[in-house]
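Read-outs throughout are calculated quantities, based only on the coordinates presented, and are distinct from any laboratory measurement. Being a predicted model, the structure only gives us computed values, none of them experimental. A quick note on method: Cβ atoms are made from the backbone with ideal geometry, for glycine too, and the neighbour counts reach across all protein chains shown.
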Amino acid sequence: MSDQKEYIGFACAYTPLPVIYAAGYTPYRILPMGDSPDQAGHILHDNLCPHIKRILDRAINNDLPDLAGVVFMNSCDAMRRLADAWHRVRPDDNMILLDLPASADVFSISYFTGEILRLIETVSKWSGKKIKTAKIEYGILLYNQIADYMNELAGKIYAGKTNVECSLMQDLFNRSVTGLPDTFIEEARNLLSENRRDKTEEGVPVFLFGHVLPDPEAFMLFQSCGAKIIGDDLCTGSRMFNPVATDDKKGFAESLAKSLLLRPPCARTIDSAIPGKIGKIMISKAKESGARGAIAHVVKFCDPYLSRLPSIREEFQKAGMPLLVLEGDCTLRSIGQQQTRIEAFIEMLK
């Protein structure tokens, strides 16, 4: 059982969680959920990413556990604005903003390695203790184990080899990044060892991808519309869980930097050698999953995703696979308002 007590908040799937763990803290992903009233609009522009505003609403409303600090990734302009606003509404919080390169070339990996070393130095100051290399290596092994378990669970759920619903899987995703990692590993191990009956869920197989979609009830809505989610690429879903490949010839910081930058890309990632790469990856994953169609969930005013949508649509059109694009504001209400569109899309796929 872990002795981690204090939390360090984070808001991006690219955050180096093993470093936070090694410093004696429990990483806590600040998900855009809860019933906090809309107050971020008094500080941030109306046309700014709802993901960011919902997180800030939670900070303003103190809808968070006690945090020893917050780690933000400089992944987009909205995240930078969140860091600025956070300092204004919670000026006493320890906070660090790490630059996240948009590509994974040699120079980007080298630069991000330096940022990880800066994070190690910073959280060491917060804890008052020097972080030992062995502790970081153990943290990498721990989160690799979580990734392995979650990927195995997701594979069984999507393949219908267990009666665990997709909504429960999303709940597991959420708990794996908001609670004690050791406790979660024990829970995941127990789930995998249970002899659950084969699942007989009906529905049209659909691949789901896009931005944040952490509310388990959203998956219940898809199911009620006749969809059977058989794969995903969400930053609050499977994209969060990719093991870190360790290399004895390289330091842990460089291995961590390389693995994070080479994980399945989100829309803010750039590969100059392969224009429209994200669209090619999404259609490839959708086909591999056996889906008849795909649903892209994009948060309103998310410039990276909105700018990539034309190339993504083009790839799906070329492949002849139907694509439904939903825009949301990180509330179940916004998805519920599109129920008729989802039902019509599923009916078309039958």
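Odds and ends about this structure:
- Its residues counted as N, the range 73-173 yields a C-alpha radius of gyration over 2.2 N^0.38 Å of 1.43.
- Overall form of the range 285-350 per C-alpha gyration tensor (a/c, 1.5; a/b vs b/c): oblate
- By the helix-only formula, in which each DSSP H run with n ≥ 4 contributes -39500 (n - 2.57) and the sum is divided by residues, the chain has a 222 nm mean residue ellipticity of -15000 deg cm²/dmol.
- Amide hydrogen neighbours beyond the local backbone of Thr26, cut-off 5 Å, H modeled: Lys5, Glu6, Tyr7, Ile8
- 3J(HN,Hα) along the range 315-330, derived from phi through the Karplus expression 6.51 cos²θ - 1.76 cosθ + 1.60 where θ = phi - 60°, amounts to 5, 5, 5, 4, 7, x, 9, x, 9, 10, 9, 10, 10, x, 10, 6 Hz, with x in place of Gly and Pro.
- The packing ranking of peptides 82-92, 45-55, 140-150, highest mean first, is 45-55, 140-150, 82-92, where packing means the average number of other beta carbon atoms within 10 angstrom of each residue.
- Our summary gives the chain a relative contact order of 19 percent, counting only alpha carbon pairs under 8 angstrom and 6 or more residues apart.
- Over the C-alpha atoms of the range 7-129, the Rg to Rh ratio, Rh being the Kirkwood estimate, stands at 0.97.
- Sorting the segments 315-328, 160-173 by their mean number of nearby beta carbons within 10 angstrom, highest to lowest, gives 160-173, 315-328.
- Net charge dipole, the range 7-129: roughly 180 debye, given to the nearest 20, about the Cα centre with Cβ charges of +1 for Lys and Arg and -1 for Asp and Glu.
- Principal axis dimensions, largest first and in whole angstrom, of the chain by Cα: 59, 49, 43
- Placing +1 on each Lys and Arg Cβ and -1 on each Asp and Glu Cβ, with no other charges, gives the chain a dipole about its Cα centre of roughly 600 debye.
- Rg [Å, one decimal], Dmax [Å, integer] - the range 233-321, C-alpha atoms: 14.9, 45
- Measure of compaction for the range 143-280 (Cα Rg per 2.2 N^0.38 Å): 1.14
- Of Pro310, Pro205, Pro265, the one that fluctuates the most in a GNM where the chain has Cα springs shorter than 10 Å: Pro310
- Too-long pairs where the Cα-Cα distance tops 32 Å, listed order kept, from Lys125/Lys300; Lys161/Lys300; Lys280/Lys300; Lys132/Lys280; Lys53/Lys318; Lys135/Lys285: Lys125/Lys300; Lys161/Lys300; Lys132/Lys280; Lys53/Lys318; Lys135/Lys285
- Computed from phi, the 3J(HN,Hα) profile of the range 30-39 under the Karplus parametrisation 6.51, -1.76, 1.60 (θ = phi - 60°) reads 8, 7, x, 10, x, 10, 5, x, 6, 10 Hz, with x in place of Gly and Pro.
- Rg/Rh ratio calculated on Cα atoms of the range 198-350 (Kirkwood radius): 1.00
- Against the chain, whose longest principal axis is taken from its Cα atoms, helix 277-289 shows a tilt of about 60°.
- For the range 205-266, the Cβ-based charge dipole about the Cα centre amounts to some 180 debye (Lys, Arg positive; Asp, Glu negative; other atoms uncharged).
- Stretchable slack from Ser311 to Arg175, in nm (0.36 nm times residue separation minus alpha-carbon distance): 45.6 nm
- Taking other Cβ atoms within 10 Å as a rough exposure proxy, Met220, Met348, Met282 sort from fewest to most as Met348, Met220, Met282.
- Between 0 and 90 degrees, the angle of helix 166-176 with respect to the longest Cα principal axis of the chain falls at about 10 degrees.
- Rounded if a/c under 1.5, otherwise prolate or oblate - the range 226-285, Cα gyration tensor axes: oblate
- As a rough footprinting exposure proxy, the listed residues Asp232, Asp99 were ranked by other beta carbons within 10 Å of their own, and the order from fewest upward is Asp99, Asp232.
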